[in-house]
Structure formats: structure tokens, C-alpha cells
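To start, the structure itself, in C-alpha cells.
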Amino acid sequence: MTAGAAQYGRGDYVVDKSTRKERPPEPAWVGRVQTVVDDEWVRLVNPHSAEWITRKKDLREASAAQRAAYDSAVPYRVGPRP
């Protein structure tokens, strides 16, 4: 995370608390900051390349376990794309 409690920069791992659901139970989504849109909004990307826009106030820094789970879910490719 970059300087400041609510300042997130490209590549930071974050948890979007606004995506958490109680019924049915769904944990909050973990994403990486793709783009800082402005002072209030950021664009996030999940491990499968889905993007969404959310407010910075709904984010918190991801834990080490959440970052590891994110990285293990990324479909890495070796060599040229088909």
C-alpha cells in the first residue's frame, strides 16, 4: 500500500468489503488495484481478469493469506498464447 491509510496504488492487494454477502454467505472479494480512477474510486481486477469499480472507503488491505490465495488462483501462462 502506498503512503496514507486510504491511498491505494496500482498493484496493491485489497479486499472490497462492499462485496461481502450474509445470505447466502459470500466472503468479500479480493482484488488488485488496476487503475486509480480519482480520489474516491478505483478499478480492481480479480485473479480471473474480471474488473469492477468500487469506492476506496470500501477497501481494506488484504492479509498475507488472502494475497497468497489470490496469487495461487492466477492462471499463469508460459510461452506464447495460443
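What follows is calculated from the coordinates using simple rules that are stated; it is not laboratory data. Since we're looking at a predicted model, the values are computed, not measured. Counting neighbours? That spans all protein chains shown, and the Cβs are built from the backbone with ideal geometry, glycine included.
Just a few scattered comments:
- Arg20 long-range amide H proximity, modeled H, under 5 Å: Trp29
- FRET efficiency, Ala68 to Lys21 (Cβ-Cβ, R0 22 Å, nearest 0.05): 0.40
- Under 5 Å, built H, 5+ apart or other chain: amide partners of Val37: Val42, Arg43
- Backbone HN-Hα couplings from phi across segment 8-21 [Karplus 6.51/-1.76/1.60, Hz, Gly and Pro as x]: 10, x, 3, x, 5, 8, 9, 10, 8, 5, 6, 8, 6, 10
- Neighbour-limited loop hits for GluC sites (Glu not before Pro), segment 1-76 (at most 14 other Cβ within 10 Å; DSSP other than H, G, I, E, B): Glu22, Glu40
- Rg and Dmax [Cα atoms of the chain; Å; Rg one decimal, Dmax integer]: 13.4, 42
- Under 17 Å of direct C-alpha separation, and excluding same-chain neighbours fewer than eight residues apart, Lys21 reaches these aspartates and glutamates: Asp58.
- In Hz, Karplus ³J(HN,Hα) per residue of segment 43-52 (6.51, -1.76, 1.60; θ = phi - 60°; x = Gly, Pro): 9, 10, 9, 8, x, 9, 6, 6, 10, 8
- Residue (of Ile53, Val14, Pro27) at the positive-pole extreme of segment 13-73, dipole from beta-carbon charges: Pro27
- For segment 57-63, putting each phi into the Karplus relation 6.51 cos²θ - 1.76 cosθ + 1.60 with θ = phi - 60° gives couplings of 5, 8, 9, 9, 5, 6, 6 Hz, in residue order, rounded to whole numbers and with x for Gly and Pro.
- The angle separating the long axis of helix 64-73 from the principal Cα axis of greatest extent in the chain is about 40 degrees.
- Full-extension gain in nm, Ser49 to Val37, via 0.36 nm per residue minus C-alpha separation: 2.5 nm
- With a cut-off of 13 Å between beta carbons, the residues surrounding Gly11 carry a summed charge of +1, where Lys and Arg count +1 and Asp and Glu -1.
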